[in-house]
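**Student:** The structure that follows is given in the form of C-alpha cells.
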Amino acid sequence: MTDADKAGEVRRSSGVAQNEVGGRQGVDRGRRRFLWVTGGLGLAWLGLAAYPIYRYLAPRPAPDPFGEEGRALVKKVSPADVAAPGSGANGSYGQRGCIVLRTPEGELRAFDSKCTHAGCNVNFAGDRIFCHCHGGMYDFGGKNVAGPPPRPLTPLRVFEENGVLYVAPTDRKQEG
Amino acid sequence: MTVDDTRRDPGIPVAAGREERSPDPRFVPIPPEAEERSSDPRFVPIPPEAEERFSDSRFVTIPPEAEEALPPADTVTGKLGRAFFRRLPVWPLVEFLSKKKVPRHRHSFWYTIGSMALFFLVVQIVTGVLLMVYYSPSQPWSSVQRIVMEIPFGGLLRSIHHWSANLMLLALFVHLFSTFFMKAYRPPRELTWLTGLALLGTTMFLGFSGYLLPWDDLSFFATRVGISELEKMPLLGTWIAGLARGGPDVTVDTIGRFYPLHVVVLPLLLLAVLSVHLFFVQVQGVSEPDSFRALPPEQKRYHRFFSEYLVNEIPIWMALAALLVALSALFPRVLAPEADPAAAAPEGIKPEWYFMVPFQMLKLFPGSLELLGMALTGLIPVLFLVVPFVDRSVPADRRGRVATRVGVAFLVYLVAMTVWGMVS
Ligand code: FES
C-alpha cells in the first residue's frame with residue numbers, strides 16, 4: 001500500500017470532519033513526493049545497471065601498429081618493388097594498409113592507405129592513387145586532387161633496413 | 001466438527017431438515033453444494049458438471065453467439081471449442097476477425113504489397129535461423145564459405161536470404177509510396193504511418209547489419225564507409241560510430257556487435273513494431289481510396305478477410321516463393337574474397353541498391369560539401385515523418401496536391417539516383 005493510499009484510508013476511516021480541499025491537496029502532495037522518490041530511485045537504479053553495460057560495450061582502443069620499437073615492418077612490398085622512379089605498391093603494416101612509392105624525382109614515400117573520405121583503402125594505380133569507393137584521387141605527394149576526399153592521405157616515414165622496408169609515424173599527428 | 005461448527009462456517013451451508021434425520025450429528029451427510037467446494041477434490045466425488053465449473057465465475061459461460069457458431073456440443077471439435085472459449089473470453093475477437101472485410105476496387109493490388117513484405121519477413125526468419133546453424137561469428141568468412149561450398153543447399157539458402165531481404169525492402173518501398181499516393185497517412189492513420197516508417201528503418205538496419213556478417217571485402221568496406229558517414233554526424237556521431245564498431249576501425253569485434261543486433265535485437269524490435277502496426281490496421285480497418293469511399297454503399301464490394309481474401313493471397317505467396325527460388329538459382333549470391341583490412345577496396349565496389357542514394361550523394365558532394373549532401377539525404381525520412389501532420393485534410397485540397405507533387409518528385413529523385421548509382 002502506498003503512502004498516498006494510506007493517507008486516503010486514514011482520512012476515510014477517521015470520520016473526523018475535515019477540510020476536504022486541504023485533505024486532497026495533502027494527498028496529492030504526498031503522492032507527488034512518492035512518485036518523485038520512486039522515480040528518482042528507479043533512475044538511479046537504471047544508471048547503476050547501465051554503467052557496467054556501457055563500459056562493456058564501449059569501444060576498445062586499436063593496437064598501436066608501430067609497437068614498442070616505434071616502427072612497423074612493411075609487408076607485401078620489398079625495396080625492389082619501389083626501386084624505379086614512378087613505381088609503387090599497396091602493402092600493409094600491422095593491421096593497416098599502406099602505399100609505398102618512389103616519386104619520379106626518386107624520393108621514397110609512404111602513406112596510410114585509408115581514404116580520408118569515408119575510410120576505404122586506396123589503390124596505387126600506376127600514375128596516381130585511386131579510391132574505388134567514390135572515385136577519390138590523390139597524387140604522389142598524397143594530396144587529394146579529385147573526387148570527394150577532403151584531406152591528403154596520412155603520410156608515414158619510410159626507410160629501408162637490412163633489405164626490408166619499415167614505416168614509422170611522421171612528426172605530424174597521426175590521423176584516422 | 002459439530003453441526004454447529006458447520007453452521008458457523010458460511011462456506012458450507014447445511015440443508016435445512018437434514019440434521020434431524022441423523023441420530024449422530026457428526027455424521028450429517030454433506031450437502032451437494034458443500035461437496036463441490038471442498039478444497040481437496042481428491043476426497044469428493046466429482047459431479048458431472050464439475051469439470052465445467054471454475055472457481056472464477058467469470059469463466060463459466062460462453063456468449064450465446066459463440067454457442068450458435070460453434071459445432072454441436074457432442075462433437076469433439078464442439079467440445080474443444082467450448083472448453084477453449086470458456087477459459088479464454090476471446091470470442092469478441094474471433095467475431096471481429098470473422099466479420100473483417102477488405103474493400104475490393106481497382107487499386108486493390110497496391111493493398112497486398114504489405115502482405116508480400118510480411119511473407120518475405122517469414123522467409124527471412126526461417127532462412128536466417130537455418131543459416132545460424134552453421135554461421136560462426138568468430139570465423140565469419142570461412143563459416144559462410146562452408147555454408148556455400150559444403151553444406152547441402154547452403155548456397156541456395158543463403159541466396160534466398162539475400163534475395164528475400166532485397167525483395168522485402170522493395171516491397172516496403174512500394175508499400176510506402178502507394179500508401180503515400182493514396183494519402184492513407186492522413187488522420188486518423190498517422191500512427192500506422194509512423195510505425196510503418198519505423199519498420200522500414202529497422203529493416204534497412206537489418207540489411208546493413210547483415211551485410212557485414214559474411215566478412216568479405218564488399219561487406220567490410222561497405223560497413224567501414226557506412227559507419228564513417230555516421231561518424232561525421234554532428235554531436236553524437238563519433239560516439240555512436242565508436243559503439244557500433246567497438247573501436248576505431250571495423251574489425252571482427254564489429255561482427256560481435258552486428259551479429260546479436262542482426263539476429264536478436266533488431267528482429268525483436270521489428271516484430272514488436274510490426275504487431276503495433278498490424279494492430280492499428282485491424283482496429284481502424286484498412287484505408288479506402290477516395291474513389292471507393294465516394295461510392296454509394298450498394299456499389300461497394302468487399303472480400304471477407306477469412307477466408308476469401310486470405311485464400312486469394314495464397315497463390316501470390318506461392319508465386320513469390322517460386323520467384324525467390326528462381327532468382328537464387330539463376331543469380332546466386334557470390335561470396336567475395338575474405339576481407340583484408342589492409343588491402344585496397346575492390347574495383348567497382350557498390351552498396352546494395354537501397355543504400356544507393358546516400359552512396360551517390362557521397363560521390364556528388366565532395367569535400368566540404370559532404371555534410372550538406374548527408375543533411376539532404378537525412379531530410380528524406382524527416383519529410384516522410386512530418387507529412388501526416390502537414391497534409392491532413394480531405395481530398396481535393398491544395399496541400400494534398402502539393403503532397404502528391406512532392407511525392408512524385410521524391411520518387412523520381414530516388415529512382416534516378418539509384419539507377420545512376422547502379423550504372424555509374
Ligand atoms: S572512401 Fe575514398 S573516395 Fe570515398
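**Student:** In whole Å, largest first, what are the principal axis extents of the Cα atoms in chain B?
**Tutor:** Reported extents, whole Å, longest axis first: 107, 61, 46.
**Student:** Let me ask something additional. Checking a compactness column here: for the protein assembly as shown, what do you get for Rg(Cα) / (2.2 N^0.38 Å), N being the number of residues? Before the final figure, lay out each step's value.
**Tutor:** Numbers: Rg = 35.0 Å, N = 600, 2.2 N^0.38 = 25.0 Å.
After normalising by residue count via 2.2 N^0.38 Å, the value is 1.40.
**Student:** Going by how many other beta carbons lie within 10 Å of each one, how would you line up A:87, B:424, B:164, fewest first?
**Tutor:** Values: A:87 16, B:424 11, B:164 26.
Fewest-to-most ranking of A:87, B:424, B:164: B:424, A:87, B:164.
**Student:** Looking at region B:56-99, I'd like the Rg to Rh ratio, where Rg is from alpha-carbon atoms and Rh is Kirkwood's inverse mean 1/r. Could you put the intermediate results ahead of the total?
**Tutor:** On the way: Rg = 10.1 Å, Rh = 10.6 Å.
Here Rg/Rh amounts to 0.95.
**Student:** Let me ask you something else. For region B:107-351, what is the Kirkwood estimate of the hydrodynamic radius, computed as the reciprocal of the mean inverse distance between distinct Cα atoms, to one decimal in Å?
**Tutor:** On the way: mean 1/r = 0.0500 Å⁻¹.
Radius from the Kirkwood sum: 20.0 Å.
**Student:** Based solely on C-alpha atoms, express the radius of gyration and the Dmax of region A:16-104 in angstrom.
**Tutor:** Calculated on Cα positions, Rg and Dmax stand at 33.4, 105 Å.
**Student:** Choose one of B:317, B:188, B:307: the residue whose Cα lies farthest towards the positive end of the charge dipole of chain B (beta-carbon charges +1 Lys, Arg; -1 Asp, Glu; about the Cα centre).
**Tutor:** Toward the positive end, the furthest listed residue is B:188.
**Student:** For region A:43-176, how big is the tail of P(r) above 20 Å, as a whole percent of Cα pairs? Can you show the working numbers first?
**Tutor:** Numbers: 4403 of 8911 pairs.
In whole percent, the share of Cα-Cα pairs in region A:43-176 beyond 20 Å is 49.
**Student:** Please name whichever of A:73, A:106, A:36 sits farthest to the positive end of the charge dipole of region A:26-176, dipole taken about the Cα centre and charges placed at Cβ: Lys and Arg +1, Asp and Glu -1.
**Tutor:** Highest projection toward the positive end goes to A:36.
**Student:** Rank B:63, B:214, B:137 by mean-square fluctuation in a GNM of chain B with C-alpha springs under 10 angstrom and give only the top-ranked residue.
**Tutor:** Greatest mean-square fluctuation among the candidates belongs to B:63.
**Student:** Only helices at least 15 Å long along their own axis, judged from Cα atoms, and with Kyte-Doolittle mean hydropathy of -1.0 or greater: name those in chain B from DSSP H. Intermediate values should be presented prior to the final figure.
**Tutor:** Details: long enough: B:76-87 (17 Å, -0.29); B:113-134 (32 Å, 2.24); B:154-181 (40 Å, 1.06); B:190-212 (34 Å, 1.09); B:217-231 (21 Å, 0.40); B:266-284 (27 Å, 2.01); B:310-330 (30 Å, 1.94); B:370-390 (30 Å, 2.15); B:398-423 (38 Å, 1.01).
Once both thresholds are applied, what remains is B:76-87, B:113-134, B:154-181, B:190-212, B:217-231, B:266-284, B:310-330, B:370-390, B:398-423.
**Student:** Treating the beta-carbon of each Lys and Arg as +1 and of each Asp and Glu as -1, no other charges, what is the dipole magnitude of the protein assembly as shown about its Cα centre, to the nearest 20 debye? Could the numbers behind the result be given before it?
**Tutor:** Working: 62 positive and 57 negative charges, 341 e Å.
It comes to approximately 1640 debye.
**Student:** Using the beta-carbon distance between residue B:383 and residue A:69 and R0 = 45 Å, what value does 1/(1 + (r/R0)^6) give for FRET efficiency, to the nearest 0.05?
**Tutor:** On the way: r = 55 Å, r/R0 = 1.21.
That gives a FRET efficiency of 0.25.
**Student:** Given H placed on each backbone N at 1.01 Å, which residues far from residue A:90 in sequence or on other chains put an amide H within less than 5 Å of it?
**Tutor:** Result for residue A:90 returns A:124.
**Student:** Taking the Cα centre of chain B as origin, sum charge times position over the Cβ atoms of Lys and Arg (+1) and Asp and Glu (-1), and report the length of that vector in debye to the nearest 20. Working shown, then result.
**Tutor:** Working: 39 positive and 39 negative charges, 324 e Å.
It works out to roughly 1560 debye.
**Student:** For a quick check of your reading of the filter: which trypsin sites (Lys or Arg not before Pro) in region B:235-318 sit in a DSSP loop and have no more than 15 other Cβ atoms within 10 Å?
**Tutor:** Values: sites: B:245, B:257, B:293, B:300, B:301, B:304; in loops: B:300.
Those satisfying the criteria are B:300.
**Student:** Which whole-angstrom value gives the distance between the alpha carbon centres of region B:201-271 and region B:277-296?
**Tutor:** Using only Cα atoms, the two centres lie 37 Å from each other.
**Student:** If you split all Cα-Cα distances of region B:277-424 into 10 Å bins from zero, what percentages do you get per bin, shortest first?
**Tutor:** Calculated over all Cα pairs of region B:277-424, the distribution is 8, 19, 25, 28, 14, 5, 1, 0 percent.
**Student:** Run the numbers for residue B:236 and residue B:129: contour at 0.36 nm per residue of separation, minus the present Cα-Cα distance, in nm. Present the calculation step by step, with values, prior to reporting the outcome.
**Tutor:** Values: separation 107, 0.36 × 107 = 38.52 nm, distance 3.35 nm.
Gain on extension, residue B:236 to residue B:129, equals 35.2 nm.
**Student:** What residue among B:70, B:92, B:80 has its Cα farthest toward the positive end of the dipole of region B:56-99, where the charges are +1 on Lys, Arg and -1 on Asp, Glu, each on the Cβ?
**Tutor:** It is B:80, whose Cα lies furthest towards the positive end.
**Student:** For the pair residue B:406 and residue A:157, how long in nm is the line joining their label points, each one 7 Å along Cα→Cβ?
**Tutor:** Inter-label distance under the simple model: 5.7 nm.
**Student:** Same structure again: In deg cm²/dmol and to the nearest 500, what is the mean residue ellipticity at 222 nm of chain B if only DSSP H runs of at least 4 residues count, each as -39500 (n - 2.57), divided by the residue total?
**Tutor:** Numbers: 19 runs with 259 residues, N = 424.
Result for chain B, helices only: -19500 deg cm²/dmol.
**Student:** Under a Cβ-only charge scheme (Lys and Arg +1, Asp and Glu -1), can you give me the dipole magnitude of region A:72-175 about the Cα centre, in debye to the nearest 20? Numbers along the way, then the final one.
**Tutor:** Details: 12 positive and 10 negative charges, 65 e Å.
Using Cβ point charges on Lys, Arg, Asp and Glu, region A:72-175 gives about 320 debye.
**Student:** Among A:143/B:232; A:143/B:350; A:75/B:363; B:183/B:232; B:99/B:183; A:76/B:232, which pairs are too far apart, with a Cα-Cα distance over 28 Å? Before the final figure, lay out the partial values.
**Tutor:** Values: A:143/B:232 21 Å; A:143/B:350 24 Å; A:75/B:363 31 Å; B:183/B:232 35 Å; B:99/B:183 26 Å; A:76/B:232 32 Å.
As for pairs spanning more than 28 Å Cα to Cα, those are A:75/B:363; B:183/B:232; A:76/B:232.
**Student:** I'd like the distance between the alpha-carbon centres of region B:349-413 and region B:72-121, rounded to an integer number of Å.
**Tutor:** About 38 Å separates the Cα centre of region B:349-413 from the one of region B:72-121.
**Student:** Tell me, B:134, B:302 in order of fewest to most beta-carbon neighbours within 10 Å?
**Tutor:** Values: B:134 16, B:302 13.
Fewest-to-most ranking of B:134, B:302: B:302, B:134.
Laboratory data are not the source of any read-out in this text; all were calculated from the coordinates shown. Every value quoted in this text rests on a predicted model; they were computed, and no experiment measured them. Methodologically, a virtual Cβ is constructed for each residue, glycine included, from the backbone with ideal geometry; neighbour enumeration extends over all protein chains shown.
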